[in-house]
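Chemist: Here it is, the structure in full.
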């Protein structure tokens, strides 16, 4: 059992082995214990400088990474494209090289273009963590989701997970599919036909357009947000309206109770309450949404710590 990742960067779940994921989870277990202490800080990254580059709006992911970095005692540079020279025409590579000239060791980047993190990893000398690239991948979200399932049910292998909602525009869905498959879970995608990718058959998943049937099958329901901002116009090109969507694909308490059994409720956030889930479901005893948020810090601490271990040390 290795104590080191097989990759220098976290660009996507596809680059990780099952052993890599297990190592991240075991490392996160240790950091969860750290986070429960009165002093929630360790000196693991005391000599490491991390740049957080967010070319796309984010609150939860950026704060989670920043908190993870602070808990590891890293030096942090925060960068937002809305207040940078990107607005003046500076390219991604110029921006990053300027930051790396400040001797940055690691870069956490969110970017609206798929493949941006891969491009960056080929052109700069720093460890890259993909915090979301377009509609491609969001690997740390998938890791924390699978970690949360493992924590709640004691395992991931053999667990039946329904991913419900806007699959077409979701980087979370794609990363979750890859991660859950590597860990031996079964996956069903559920949502309107207009929000399913054309290549969905190649992903090795079941597809179900009836939410009640998907819920009757699954052990875990991961309810995704409708990505209105990625659908163009008013965001209503793929379904009649939010009210109709909520009736067909929203999870409320009566629908949950009709199952006659307990399933785990997840949501990567931010939640559109009353659309994909109601408040009663989001706050239900079987909801682990807040656990996902807490676990996100421990998992991101683990990723940063393990990638820092792959940084070459100068003599």
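Chemist: For the list (1) under 21 Å from residue 310 (Cβ atoms); (2) more than 16 Å from the chain's Cα centre (by Cα); (3) modelled with pLDDT of 90 or more, I need the number of the one condition that residue 160 fails.
Modeler: (1)
Chemist: Give all pairs with beta carbons closer than 6 Å in which a residue from segment 213-235 that is on the phi > 0 side of the Ramachandran plot and surrounded by fewer than 18 Cβ atoms within 10 Å (Cβ to Cβ) meets a residue that is at pLDDT below 95 and outside any strand (DSSP E or B); count only pairs at least 6 apart in sequence or on separate chains.
Modeler: These pairs meet every condition: 235/228.
Chemist: Separate question: Looking at the structure I just gave you, is residue 104 under 25 Å from residue 269 (Cα atoms), at pLDDT 90 or above and either part of a loop (DSSP other than H, G, I, E, B) or in contact with a helix residue (DSSP H, G or I) (Cβ under 7 Å, 6 or more places away or on another chain) (or both)?
Modeler: No, not satisfied.
Chemist: Quick one: residue 134 ticks every box in (1) buried (at least 22 other Cβ atoms within 10 Å of the Cβ); (2) modelled with pLDDT under 90 bar one, so which box is it?
Modeler: Just one mismatch for residue 134, condition (1).
Chemist: Residue check, residue 5 against (1) closer than 23 Å to residue 142 by Cβ; (2) surrounded by fewer than 21 Cβ atoms within 10 Å (Cβ to Cβ), all met but one. Which one?
Modeler: (2)
Chemist: Right, something else. Any residue in segment 175-200 that is on the phi > 0 side of the Ramachandran plot and surrounded by fewer than 22 Cβ atoms within 10 Å (Cβ to Cβ) sitting within a Cβ distance under 9 Å of a residue that is part of a helix (DSSP H, G or I) and modelled with pLDDT of 95 or more? List the pairs, counting only those 6 or more apart or interchain.
Modeler: 184/18
Chemist: Further question: Using the structure shown, decide if residue 152 is modelled with pLDDT of 90 or more, outside any strand (DSSP E or B) and out of contact with any strand residue (DSSP E or B) (no Cβ under 6 Å at 6 or more places or on another chain).
Modeler: It is false that residue 152 is modelled with pLDDT of 90 or more, outside any strand (DSSP E or B) and out of contact with any strand residue (DSSP E or B) (no Cβ under 6 Å at 6 or more places or on another chain).
Chemist: Now for a separate question. Given the options 180, 189, name the one that is more than 17 Å from residue 298 (Cα to Cα), touching a strand residue (DSSP E or B) at 6+ places or on another chain (Cβ under 7 Å) and assigned to a strand (DSSP E or B).
Modeler: 189
The values are calculated or read from the model by the stated rules, or taken from the named source; none is laboratory data. Quick caveat: nothing in here was measured; it's all calculated off a predicted structure. We place every Cβ from the backbone using ideal geometry, glycine too, and count neighbours over all the protein chains shown.
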